[in-house]
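J.: Just passing along the structure, written as structure tokens.
Just so it is clear, none of the values below were taken in a lab; they were calculated from the coordinates. All values derive from a computational prediction rather than experimental measurement. Here the Cβ is made from the backbone with ideal geometry for all residues, glycine too, and neighbour counts use every protein chain on show.
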Amino acid sequence: MKNKKRIVITGLGTINAIGKDVAQFAVSLREGVCGINDIDLFDTTEFRTHKGGQIRNFNARASIPDEFSLKRMSRADQLVFAATIEALTDAGLYPLPERFKEDMGVIIGGGSGGLFEAENFYADLLVKGLDRSRFSRLSTVYCASSADRIASNLGLLGPKTTLMTACSSGANALGYARDLIESGQAGIVLAGAVEPMCRITYAAFNALKSLDEDVCRPFDRTRSGLSLGEAAAILVLESLESALTRGATIYGEILGYGVSCDSFHMTAPDEKASGAVRSMQAALKDSGLSTQDIDYINAHGTATPANDVTETRAIKEVFGPRAYAIPVSSTKSMHAHPLDAAGALEAIVALLALSQGFIPPTIHFKERDPECDLDYVTEGARSSDLRHVLSNSFAFGGNNTTVIFGKYEGQGAAHGS
Amino acid sequence: MDHEHDRSDSQRIVVTGLGLVSPLGAGKDEFSRRLSEGACAIDTVQSLDTSAVSSHLGAEVRDFSPRDFISVKNLRRMDRTSLMTAASARMALDDAGVTVSAENRDRIGILLGTSFGATDVTVQVADTLLKEGPSSVNPILVPNTVMNAPAGHASIELGFRGVNITVTHFAVSAETAIAYAVSEIKRGTADFMLAGGVDILSKFYYESLSKFHGLSPDKDGAEGARPFDVMRNGYVVGEGCGILCLESLSCARNRGARIYCEITGAGMGSSPTSPTQWPKDTQGIRRTFQRTLNSAGLAPEDITAIMASANGDRVLDAVEARAYDELFDACGQKPFVTSVKGSLGESFSSGGIRACALALSVKNKWLPPTVGLSNPLLPMNFVTGQKKEIDVKHAVLAGISFGGTYVYLVFSDYKSQ
């Protein structure tokens, strides 16, 4: 086997509950800002819970000047398009030079797509009937339309697809993007995910009784569920060689990627944590690193009673006694859980942590759970010169994905602010 | 595009099992027999009421008995997409002679394409939410609303715990899943990958497609879809699931497995197109076709046959025919072209069933006819009327989607390699 190409990240873009862009997101992560509060995107009166990590004051026009495109995009399309423009600009690729279009790809972790618009359409349909409903409003209902919008608007001619593994979609998009570059099927790839908040999703998690009525409390003894969020997160991936040739700023490197499946239950994690253990081990093996090398774990940490104890158990099984020496935090305590976008958003967290040298905290923590006994960084952010960060994403369907990011040192390295 | 041509047996991927639930029968034997006879599964839709719209044809799966394949314990948790997937996955493993065990289960995975997933279940949730309020939403339905539910259910039913990823990118979902699965085995993350696609007929989406004026308005008769015919007037919706069992040639040889064919090439591409429109120019097809040939190390004249994407749509069929006409313009020997969507309809993630059809074609040395084609829109080597007996050395599976996404695969007779 030839030596693998090194794949680096040269651009970041996000919109989420605690950041209108990457710069604001980084500040919020350091300061432990909470983005979870009362939802006003739709009426929550009839719901059991009312809180979530909603994106406020999103100005689609600022990123999408073209009225024709704007009108045809769902809220999800608009959010991810805005994040894409930010990431490309950050990477020094916007406006996009013609020479990169031929083999530039886009891989999106799909979420609810245009479900927010679809539910409004469906509400109308029930009242007006088939013949008086405007079916053109459904043109963006499926999550795959986001990647099509991005590719079409930017004129990309390379590989394009949408992966959907529920809450690990965003992490899988990064893994697949890396593989496409490694195998020479793509040059630069835009990889990430988007999850818009909508009533159907909110109702589904209410029905499952998975939501905390208050803010979520990852790893806390009194935790009682997750806080639903929404986010768009896009990363620009390319080979190290390509980044150096372009003179790009490098945030870090994808060193390892591992996927596994519980084969246990559709919505509950396997209590033995075997799936989570295997995805972390697969990523470690892929990276060639040992358990000694991991400096920080960005946990899936949803704050459901089952996830946090299972994930803790899995970390202890993989890392042995060293588990107690590794800071583990759940940034979902701040930006809430943007489901399919979580893996991509938390990849940005990992890269900011590596390039700026800090460990983001787990906020809202009050009481220690005897079964969750690791260092969850509950006293606020820490400064730390991190070298390797491991990020977990676990999902409905028993899908587990782990990605390991490494600090990049050398020509073009991004430095802390 | 610098695809590496590693020809070691661990990097050569072969098809060793087929599993399908199709409008032409469940299982490869009945499917193969009816395909070779030029049977047509298109008929007036019986499973849903189509009286509200102007289209009434469909290719339905009618004689599928999930109980023959799925345990009673899991059966009641699955929706129709999951039932078809778990059944097809079981057939593919059985056909390949693979038994899932404690030793191999972490090395068996699934890559499934689905364009629309269980849209009917999501509509059911929306319906309850809007008519009765959030407290009436049935939590049992929720796990099936995620697109990765079929792959999750299949893993639970069959007990495999390896890579588990769902692709949802409209009409190329299954082709992408197969290309992705090939690269997973090459990367060494799995020994066996189940790869293919599933989609079903559902009321909401049948009505939506009809309202988008995509469907053939024909009332009856077996020739509703007329791929490549000058008289075509829209496609007919189909449904079903098709799954391949893939492994490396070294793995297949070691266990003495029967080999249907080798997957020698794959290529992906995009062209700027609106998310709901079929591409209007041939560039995307030509570019992706060329990438695919490059990845296989083949020239156009090496291609014996093309299993086309044409479905009877006015735009798609014309663009696809023109693209091949241009691509093979300089070749003395032009490939045979056929589309099974004339008998199976357009099921969007049809790539799984069509891949099964192509694997059978290579193995059994005959190409199925394009049912419904009598007046070709261009003079090409279309297979019409009855099957064409021919030694298929290299055949191409074409995946083209509205939104301008392309995935092509090369299936080769592995003995001639």
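J.: Once phi is turned into ³J(HN,Hα) by the Karplus curve 6.51 cos²θ - 1.76 cosθ + 1.60 with θ = phi - 60°, what whole-Hz value does each residue of region B:61-67 show in order, with x for glycine and proline?
T.: Working through the residues one at a time gives 7, 10, 10, 10, 10, x, 4 Hz.
J.: Which far-off residues, 5 or more places away or on another chain, put their amide H under 5 Å from the one on B:Leu18, with H placed in the peptide plane?
T.: Counting only residues 5 or more places away or on other chains, the set is B:Asp95, B:Ala96, B:Cys245.
J.: Once the mean 1/r over all distinct Cα pairs of the protein assembly as shown is inverted, what Kirkwood radius in angstroms do you read off?
T.: Working: mean 1/r = 0.0381 Å⁻¹.
Evaluated on the protein assembly as shown, it is 26.2 Å.
J.: Another question about this same structure. Between region A:195-231 and region B:192-252, what is the C-alpha centre distance in whole Å?
T.: Region A:195-231 and region B:192-252 have Cα centres separated by 37 Å.
J.: Explain nothing, just compute: Karplus ³J(HN,Hα) = 6.51 cos²θ - 1.76 cosθ + 1.60, θ = phi - 60°, for every residue of region A:200-205 in order, whole Hz, x for Gly and Pro.
T.: Each residue of region A:200-205 in turn: 4, 5, 4, 5, 4, 6 Hz.
J.: Using only Cα atoms, figure out Rg for region A:323-377 and give it as a multiple of 2.2 N^0.38 Å. Each step should come with its number before you reach the end.
T.: Working: Rg = 12.1 Å, N = 55, 2.2 N^0.38 = 10.1 Å.
Here the answer is 1.20, to two decimals.
J.: Something else about it: Using the structure shown, list the pairs from B:Lys211/B:Lys341; B:Lys203/B:Lys365; B:Lys28/B:Lys388; A:Lys101/B:Lys415; A:Lys20/B:Lys131; A:Lys4/A:Lys407 with a Cα-Cα distance above 27 Å, or answer none.
T.: B:Lys203/B:Lys365; A:Lys101/B:Lys415; A:Lys20/B:Lys131, as the Cα separations exceed 27 Å there.
J.: Only sites in a loop by DSSP and with at most 11 other Cβ atoms within 10 Å count here; which trypsin sites (Lys or Arg not before Pro) in region B:362-415 make the cut?
T.: On the way: sites: B:Lys363, B:Lys365, B:Lys387, B:Lys388, B:Lys393, B:Lys415; in loops: B:Lys365, B:Lys387, B:Lys393.
Here no loop site has a sparse enough neighbourhood.
J.: Place a +1 charge on the Cβ of each Lys and Arg in chain B and a -1 charge on the Cβ of each Asp and Glu, then give the dipole magnitude about the Cα centre in debye, rounded to the nearest 20. Walk me through the intermediate numbers first.
T.: Working: 41 positive and 46 negative charges, 102 e Å.
The calculation lands at about 500 debye.
J.: Any idea how far the Cα center of region B:352-403 sits from the one of region B:93-163, in Å?
T.: 31
J.: Loop-only check: which trypsin sites (Lys or Arg not before Pro) in region A:195-239 are DSSP coil with at most 16 other Cβ within 10 angstrom? Before the final figure, lay out the partial values.
T.: On the way: sites: A:Arg199, A:Lys209, A:Arg221, A:Arg223; in loops: A:Lys209, A:Arg221, A:Arg223.
Those that pass, being in a loop and sparsely packed, are A:Lys209, A:Arg221.
J.: Something else: Rounded to whole Å, give me the distance from the Cα center of region B:324-340 to that of region B:1-73.
T.: 26
J.: Shifting gears a bit: What does the charge add up to near A:Gly158, with Lys and Arg as +1, Asp and Glu as -1, over the other residues with Cβ less than 10 Å from its Cβ? Working shown, then result.
T.: Details: positive: A:Lys101, A:Lys160, B:Arg287, B:Arg291; negative: A:Glu102, A:Asp103.
Counting the neighbours of A:Gly158, the net charge comes to +2.
J.: Something else now. With Kirkwood's inverse mean 1/r over C-alpha pairs for Rh, give me the Rg to Rh ratio of region A:258-348, two decimals please. Intermediate results must be reported in sequence, preceding the final value.
T.: Details: Rg = 12.9 Å, Rh = 13.8 Å.
Looking at region A:258-348, the ratio lands at 0.94.
J.: Here is a follow-up. May I ask you to derive the FRET efficiency for A:Asn57 and B:Arg62 from their Cβ-Cβ distance with R0 = 51 Å, giving the value to the nearest 0.05? Mind showing how you got there, number by number?
T.: Working: r = 53 Å, r/R0 = 1.04.
Plugging the Cβ-Cβ distance into 1/(1 + (r/R0)^6) gives 0.45.
J.: Counting only helical runs of four or more DSSP H residues, what would the 222 nm mean residue ellipticity of the protein assembly as shown come to if each run contributes -39,500 (n - 2.57) and the total is spread over all its residues? Write down the numbers at each step before the final one.
T.: On the way: 25 runs with 269 residues, N = 834.
Mean residue ellipticity, 222 nm, calculated: -9500 deg cm²/dmol.
J.: Please give the average number of partner chain Cβ atoms lying within 10 Å of the Cβ of each residue in B:196-206, rounded to a whole number.
T.: On the way: counts 0, 0, 0, 0, 0, 0, 0, 0, 4, 3, 0.
Mean shielding count: 1.
J.: Going toward the positive end of the dipole of region A:1-106, with +1 on Lys and Arg Cβ and -1 on Asp and Glu Cβ, which of A:Met73, A:Asn59, A:Leu29 do you reach last?
T.: The residue sitting farthest along the positive end of the dipole is A:Leu29.
J.: Only four residue types carry charge here, +1 at the Cβ of Lys and Arg and -1 at the Cβ of Asp and Glu. Report the dipole size of the protein assembly as shown about the Cα centre in Debye, rounded to the nearest 20. Could you put the intermediate results ahead of the total?
T.: Values: 81 positive and 95 negative charges, 142 e Å.
Charge dipole, the protein assembly as shown, about its Cα centre: 680 debye, nearest 20.
J.: Based on a Kirkwood Rh over C-alpha pairs, give the Stokes-Einstein translational diffusion coefficient of region B:277-417 at 37 °C and viscosity 0.692 mPa s in µm²/s. Mind dumping the intermediate values first?
T.: On the way: Rh = 14.9 Å.
D, rounded to a whole number, is 220 µm²/s.
J.: Could you give me the ³J(HN,Hα) list for region A:97-111, computed from phi with Karplus coefficients 6.51, -1.76, 1.60 and θ = phi - 60°, whole Hz, x at Gly and Pro?
T.: My calculation for region A:97-111 gives x, 3, 5, 8, 5, 3, 10, 8, x, 9, 10, 10, x, x, x Hz in order.
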